[in-house]
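Enquirer: Take a look at the following structure, please.
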Amino acid sequence: EGTVQSFFDFLPGVLSNFGVSLNASHILKARVEYDDEESFPGEFDSPNTSKWTANATLFYDTPKFSARVAYNYRSSYRSGFWLDGEGDDRAMYSPYYGATDRLDAAVNFTPVTFMTLSVEASNILGSDVFRYHGSQNLLPLGVRTLARTVQGSVRFRF
């Protein structure tokens, strides 16, 4: 796992207000072994554990204006276990979620100290979440459609 976050304060003028935040995690192998080999043989991908997750954010920040664009990624992962069948059939038909990514952005403007105007957008890429039988993504199991949203707001501080 690694993380880097920094402002570019070494750059001249308004460029020094830019910054970046990067992080990533990699799990070489996650496995679950069960005591009862008769009813649940073998080792399996640990449920709900992705091998890769990563986030990258570019931001700009001043007392009156701020903006950010954030990208998030998660590799595929097993969500449960198929209990019918034996041996390899269980691994082949276990439910998996496919890899997902998401791009979000926000802009904030504070024209006076007691008020901030904001615009935020989420799921800009229109990514959906796909579910499959097996890690090969060959047998579709379902899709969850995620909305793209844009919202504006005015916040007051008293």
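Enquirer: Looking at the stretch 71-87, can you tell me whether even one residue there is at pLDDT 95 or above, part of a strand (DSSP E or B), open to solvent by less than 40 Å² (accessible area, probe 1.4 Å) and closer than 21 Å to Phe18 by Cα?
Expert: no
Enquirer: Further question on the same structure: Given the criteria in contact with an Asp or Glu (Cβ under 9 Å, 6 or more places away or on another chain), modelled with pLDDT under 95 and open to solvent by 40 Å² or more (accessible area, probe 1.4 Å), does Thr149 qualify?
Expert: Criteria not met by Thr149.
Enquirer: Then there is this: Output the qualifying pairs, or none if there are none: Cβ atoms under 9 angstrom, residues six or more apart or on different chains, first residue in the stretch 123-138 and under 18 Å from Ser50 (Cα atoms), second residue open to solvent by less than 40 Å² (accessible area, probe 1.4 Å) and basic (Lys, Arg).
Expert: Listed pairs, sorted by first residue: Ser135/Arg78.
Enquirer: Is the stretch 33-56 home to any residue that is at pLDDT below 85 and surrounded by 16 or more Cβ atoms within 10 Å (Cβ to Cβ)?
Expert: The answer is yes, given that some residue of the stretch 33-56 is at pLDDT below 85 and surrounded by 16 or more Cβ atoms within 10 Å (Cβ to Cβ).
Enquirer: Separate question: Can you pull out the residues in the stretch 115-141 that are farther than 21 Å from Asn72 by Cβ and at pLDDT below 95?
Expert: Result: His133, Gly134, Ser135, Gln136, Leu138, Leu139, Pro140, Leu141.
Enquirer: Another question, if that's okay. Taking the condition of being exposed (fewer than 12 other Cβ atoms within 10 Å of the Cβ) and among the β-branched types (Val, Ile, Thr), how many residues in the stretch 105-142 meet it?
Expert: 2
The values are calculated or read from the model by the stated rules, or taken from the named source; none is laboratory data. The structure presented is a predicted model; accordingly, all values stated were derived computationally and were not measured. Glycine also receives a Cβ, built like all others from the backbone with ideal geometry; neighbour counts cover every protein chain displayed. Accessible surface is based on the protein model in full, side chains and every heavy atom, while ligands, DNA and RNA are left aside. Shrake-Rupley method; radii C 1.70, N 1.55, O 1.52, S 1.80 Å.
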